[in-house]
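Okay, structure first, notes after.
The values are calculated or read from the model by the stated rules, or taken from the named source; none is laboratory data. The structure presented is a predicted model; accordingly, all values stated were derived computationally and were not measured. Please note: Cβ atoms are built from the backbone with ideal geometry, for glycine as well, and neighbour counts cover all protein chains shown.
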Amino acid sequence: MQNAKDNKIAQCHECNLLIDVKQDVKRQRCPRCFTRVHFRIPRSIQKTWALLITAAVMMIPANFLPISTLTSAGQSTPDTIMSGTIALAKSDDLGIAIIIFIASILVPLFKIIGLMLILLSIQNKIFITQKRKLLLFNAIHWIGKWSIMDLFVISIMVAVLNRGNLLSVDPGYGATCFGLVVILTILAAESFDTRLIWDLNHTNERK
Amino acid sequence: MSNINVCNKCDLIVDHIPIAKNRHALCPRCNSLLYTNNAFSISAILALSLTGLILVVIANVFPMFTITMLGAEESATLIQGAWALLQKKSYFVGLLVIFCSFIAPFLFLSCLVQACLLLLTKRNTPQLILLLKLVKFFTEWSMLEVYLVSFLIAIFKLSDIADIQFQLGLLSFVSLMFISSLIMYGLNLEIFWQKMEKNAKR
């Protein structure tokens, strides 16, 4: 069981070419695609933490500011993610309400908390086995794009319901914050290097 | 270094063993996919992405559905949703939606077509490297399948208050989603990079 890094072999981040890293060459570039060669994504943990903390902060306005405002017969009712979901559940669309609830509340939370757990475990604060960490990361990576669903739904509703005071939907500031949460969590997953899970050995790793 | 593989999830060095078609080589340490033997050829990818580009045009020219509500009929195309957001001065969300549902899939397909053509005609221009990097980038940000599910949810919500008729645009959008998923399943950029190196040596 040998790591490529220990044998001075790096894998290009862009084209996955295997490169012999020379000790004396500074700023080596990939011979195939001219990307800078690194063994690991530089400052991966710091970047991921920064993006995650920002995303966690943005979760607050995303959930408390109205994500959309429905105007019907002259009356405007602003809806946050939660109140919109509850309204859906009450109007017998339970299935849709569950989908929206999972995609816009549970998935972002799962992504932020999951990545934080992985980072804490890498920094030896808590213990999770290596395989489970990767499994958790793969789940986060795969589910990443699905949390944008609510914004797509709003965009279609805004386009279709545009009868002014009679019946219309307007996007709110919550939507912007929610969009930021989605982008930040996707970027956080991108900037995390899974190889670090095996690099930074756990102090109390069970064999 | 042609006889070894390195797992790009856990950095383990693994000997390269030839595998049968439709088999996967998995990393012994972390179980991630190392390599497969069922990637599509460059010409197959070219054919699929050209089909995809045609479908993109159809999906955007023809309306996805017409909706009859409060006595008036209206049709909506793919970009109109994002366009409406931009008009309501919600620029960030509008751009995000338009990027993930239209720009990224469109550029993904057009970069792929261009890269395939350059490789098959054996022209190694400097743009080729950029094109292949862009293809890799846009696979992450193309969210057609998410858009389709969102579309169904929106239709379900609207069906209480309006009559909805599906149009040609929706059919081509669904086909586009299948084509793009098929491309992502069979796309192995390593083949493209190797072909590029081979062309350069000639």
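Per the conditions (1) within 9 Å of chain B (Cβ to nearest Cβ); (2) surrounded by 18 or more Cβ atoms within 10 Å (Cβ to Cβ), the sole criterion not satisfied by A:Gly95 is (2).
Do you know which of the residues in the stretch B:131-147 that are assigned to a helix (DSSP H, G or I) and at the interface with another protein chain (Cβ under 9 Å from one of its Cβ atoms) is surrounded by the most Cβ atoms within 10 Å (Cβ to Cβ)? By that ranking, first place goes to B:Tyr147. Is the stretch B:24-43 home to any residue that is at positive phi and within 14 Å of another protein chain (Cβ to nearest Cβ)? Scanning the stretch B:24-43, I find at least one residue that is at positive phi and within 14 Å of another protein chain (Cβ to nearest Cβ), so the answer is yes.
In the stretch B:149-202, which residue that is touching a helix residue (DSSP H, G or I) at 6+ places or on another chain (Cβ under 8 Å) and of a type in the set (Ser, Thr, Tyr) is nearest to the other protein chains (Cβ to nearest Cβ)? The qualifying residue nearest to the other protein chains (Cβ to nearest Cβ) is B:Ser150.
Name the helices (runs of 4 or more DSSP H) wholly within the stretch A:102-207 that hold at least 3 residues that are out of contact with any strand residue (DSSP E or B) (no Cβ under 9 Å at 6 or more places or on another chain), of a type in the set (Val, Ile, Thr) and in contact (Cβ under 8 Å) with a residue 40 or more places away in the chain? Full working, then the answer.
Numbers: elements: A:107-122, A:130-143, A:149-160, A:173-191, A:196-199.
It comes to A:107-122, A:173-191.
Evaluated against (1) away from chain A (no Cβ under 14 Å); (2) surrounded by fewer than 19 Cβ atoms within 10 Å (Cβ to Cβ), B:Gly52 falls short on exactly one condition, (2). Restricting to the stretch B:148-172, name every residue that is in contact (Cβ under 8 Å) with a residue 12 or more places away in the chain and part of a helix (DSSP H, G or I). Listed by number, the residues that qualify are B:Leu148, B:Phe151, B:Ile155, B:Leu158, B:Leu168, B:Gly169, B:Leu170, B:Ser172. The one condition from (1) surrounded by fewer than 20 Cβ atoms within 10 Å (Cβ to Cβ); (2) more than 14 Å from the chain's Cα centre (by Cα); (3) within 16 Å of A:Ile154 (Cβ to Cβ) that B:Ala84 does not meet is (1). Taken over the stretch B:21-35, residues that are surrounded by fewer than 15 Cβ atoms within 10 Å (Cβ to Cβ) and touching a residue at least 12 places away in the same chain (Cβ under 8 Å) amount to 5. The residues listed here are B:Gly71, B:Gly52, B:Gly81; of these, the one that is small (Gly, Ala, Ser), in the same structural domain as B:Ser172 (by TED's automatic domain parsing) and closer than 14 Å to B:Phe106 by Cβ is B:Gly52.
A quick yes/no check of all residues on (1) modelled with pLDDT of 90 or more; (2) in the same structural domain as A:Gly172 (by TED's automatic domain parsing); (3) small (Gly, Ala, Ser); (4) surrounded by fewer than 18 Cβ atoms within 10 Å (Cβ to Cβ):
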position: A:Glu14; (1), (2), (3), (4): no, no, no, no
position: A:Leu65; (1), (2), (3), (4): yes, yes, no, yes
position: A:Leu70; (1), (2), (3), (4): no, yes, no, no
position: A:Gly84; (1), (2), (3), (4): no, yes, yes, no
position: A:Ile122; (1), (2), (3), (4): no, yes, no, no
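With respect to A:Cys15, is the statement that it is in a loop (DSSP other than H, G, I, E, B), closer than 18 Å to B:Asn3 by Cα and at the interface with chain B (Cβ under 9 Å from one of its Cβ atoms) true? Answer is yes for this residue. Within the stretch B:1-27, being touching a Phe, Trp or Tyr at 6+ places or on another chain (Cβ under 6 Å) and assigned to a strand (DSSP E or B) holds for one residue alone: B:Ala25. Among the conditions (1) more than 9 Å from chain A (Cβ to nearest Cβ); (2) touching a residue at least 40 places away in the same chain (Cβ under 8 Å); (3) more than 26 Å from B:Phe138 (Cβ to Cβ), the only one that B:Ile67 does not satisfy is (1).
Criterion applied to B:Ser90, B:Ser101 was being surrounded by 20 or more Cβ atoms within 10 Å (Cβ to Cβ), within 10 Å of chain A (Cβ to nearest Cβ) and closer than 25 Å to B:Val135 by Cα, and the one residue passing it is B:Ser101. Would you confirm whether or not the stretch A:22-43 contains a residue that is assigned to a loop (DSSP other than H, G, I, E, B) and among the aromatic types (Phe, Trp, Tyr)? Within the stretch A:22-43, one or more residues are assigned to a loop (DSSP other than H, G, I, E, B) and among the aromatic types (Phe, Trp, Tyr).
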